[in-house]
1. Hey, could you check the range 242-272 for residues that are of a type in the set (G, A, S) and modelled with pLDDT under 70 and say which is nearest to the chain's Cα centre (by Cα)?
2. I need the helices (runs of 4 or more DSSP H) fully contained in the range 28-118, keeping only those with at least 3 residues that are within 20 Å of the chain's Cα centre (by Cα) and either among the hydrophobic types (A, V, I, L, M, F, W, C) or under 28 Å from V13 (Cβ atoms) (or both).
3. Taking the criterion of being of a type in the set (S, T, Y), at pLDDT 85 or above and open to solvent by less than 80 Å² (accessible area, probe 1.4 Å), would at least one residue in the range 195-207 satisfy it?
4. If only one of I140, I98 is open to solvent by 30 Å² or more (accessible area, probe 1.4 Å), of a type outside the set (G, A, S), out of contact with any Cys (no Cβ under 8 Å at 6 or more places or on another chain) and over 30 Å from A331 (Cα atoms), which one is it?
5. I need every pair where a residue in the range 281-296 that is over 20 Å from L37 (Cα atoms) has its Cβ under 8 Å from the Cβ of a residue that is open to solvent by less than 10 Å² (accessible area, probe 1.4 Å) and not in a helix (DSSP H, G or I), sequence separation at least 6 or different chains.
6. Assuming E27 fulfils every condition listed in (1) in contact (Cβ under 8 Å) with a residue 24 or more places away in the chain; (2) surrounded by fewer than 24 Cβ atoms within 10 Å (Cβ to Cβ); (3) in contact with a helix residue (DSSP H, G or I) (Cβ under 8 Å, 6 or more places away or on another chain) apart from one, which condition is it?
7. Considering A330, A407, A384, which residue is assigned to a helix (DSSP H, G or I) and within 30 Å of Y17 (Cβ to Cβ)?
8. Within the range 356-370, does at least one residue satisfy the condition of being touching a Cys at 6+ places or on another chain (Cβ under 8 Å), assigned to a helix (DSSP H, G or I), open to solvent by 20 Å² or more (accessible area, probe 1.4 Å) and under 28 Å from I80 (Cβ atoms)?
Amino acid sequence: MKTELLAGLTTFVTMAYVLATIPNMLEAGGYDKHVTLTVMIVLVIITSCAMALYTNRPFALAPGLGSVGIVASMIANEGIPASVAAGVIFWSGILFVIISFLGLRDAVLRVIPMSLKHAVSAGIGLFIALLGAKNCGLIIANADKNNLAFGDLTSPAVIVALIGFIILLIMKVRNVPGGMIITIILTTIIGIPFGVTELPTSIVALPANIGTQFMKVDFIGALNFAYIPFLIALFVPDFFSTFGTVLGVGAKAGYLDEEGNLPGIDKCFKVDAVATSFGALFGMPSMTTYLESSAGVEAGGKTGLTVVFTSLFFALSLLFAPLALIIPSAATSPVLIFIGINMLSAMKNIKFEDMTESVPAFMCIAFTIFANNIANGICVALPAYLILKLAGGRAKEVKSVMYILVAICMLYFYSII
């Protein structure tokens, strides 16, 4: 019990940065920070406990940063209503549910080229890093030159964010446990004399009324063909990150069998899938298994009891919402930038010596940034992949379903035109 308790606390401390990061990210999309924080904590508790009770694995769930970035961009940059964005999240979860409950995950894994899976991860990493840089004003859109550029490097928010980033680098290189949340706390404190952090009028407060955000979902509007790329952009990272996370954390916990498979992985997928659709009813981006769960495993957590304790710590944080809400974007930006940098490690698995693999991967990553969303990056990469494989006489490497995905991408571009 003691070991599981400490492991649960370790997982909580490691992933507690979501308390500040996600409400700040979604605020850009018009979400209420206090309501978003309460909804997120409730969903973390419900979904993590569901994972614990159904699978007995120490895997905690929370909104995926990649999907949060996509949703924030859909609303803030693309002008898509929040209710429609919630609908897209819901249908991506339903797609995940169907595939998970029918046992079709192996078929899907074979369809998407491995190089593009890694490219999607890297592209989302750059997107999150850019989002962090923009949130604190380090990078701005320069209307005169029609490009991105440095903001006011002397502004208090930028200075505080840079100090926070230096602190985070020191924390990481020294392997300080809970380095991210410690950095956020220290940066928030540093922001007080700079006028970046506004102190709360109270420390303890009742949770917000989450009913104001419940069922604000446009299920029919989300089925508009123009939103299918966003559906793909939400589904693919969630599906593959979950697959990689449960295998990676499972390996550390000693769960894998002799063939490197995780017994009961379907159960993990089912919980993850249902969690995404359930979270969408509250407008919350894709709930997914967090890699930070590995911290709890390294601390000795072996069973679902670990994340039950993690959930209890998140429940306690509900009462201290004012403290979480004072955390400025300048304090969470360093974390976003660092997470984005880490996600670029996926690029090392791309076969750069093979043009038919590297060019589509590069296009996926580049156009995620150039065209300002992950969906565009994917929809540019898939046709490029198909054309290069066919031109190179390697049609056998293309799965039949890929033709359907490319057709969807072409229809998407037609809708834009």
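1. G244
2. 33-55, 65-76, 82-101
3. Yes, there is a match, as at least one residue in the range 195-207 is of a type in the set (S, T, Y), at pLDDT 85 or above and open to solvent by less than 80 Å² (accessible area, probe 1.4 Å).
4. Sole residue among the options that is open to solvent by 30 Å² or more (accessible area, probe 1.4 Å), of a type outside the set (G, A, S), out of contact with any Cys (no Cβ under 8 Å at 6 or more places or on another chain) and over 30 Å from A331 (Cα atoms): I98.
5. S293/P58; S293/F59; S293/A60; G296/P58; G296/A60
6. That leaves (1) as the condition not met.
7. A330
8. No, because not a single residue in the range 356-370 is touching a Cys at 6+ places or on another chain (Cβ under 8 Å), assigned to a helix (DSSP H, G or I), open to solvent by 20 Å² or more (accessible area, probe 1.4 Å) and under 28 Å from I80 (Cβ atoms).
The values are calculated or read from the model by the stated rules, or taken from the named source; none is laboratory data. Keep in mind the model is a prediction, meaning the values are calculated, not measured. FYI the Cβ positions are ideal-geometry reconstructions off the backbone, even for glycines, and counts take in every protein chain you see. Areas reflect the complete protein model, heavy atoms only, side chains present, ligands, DNA and RNA absent. Shrake-Rupley method; radii C 1.70, N 1.55, O 1.52, S 1.80 Å.
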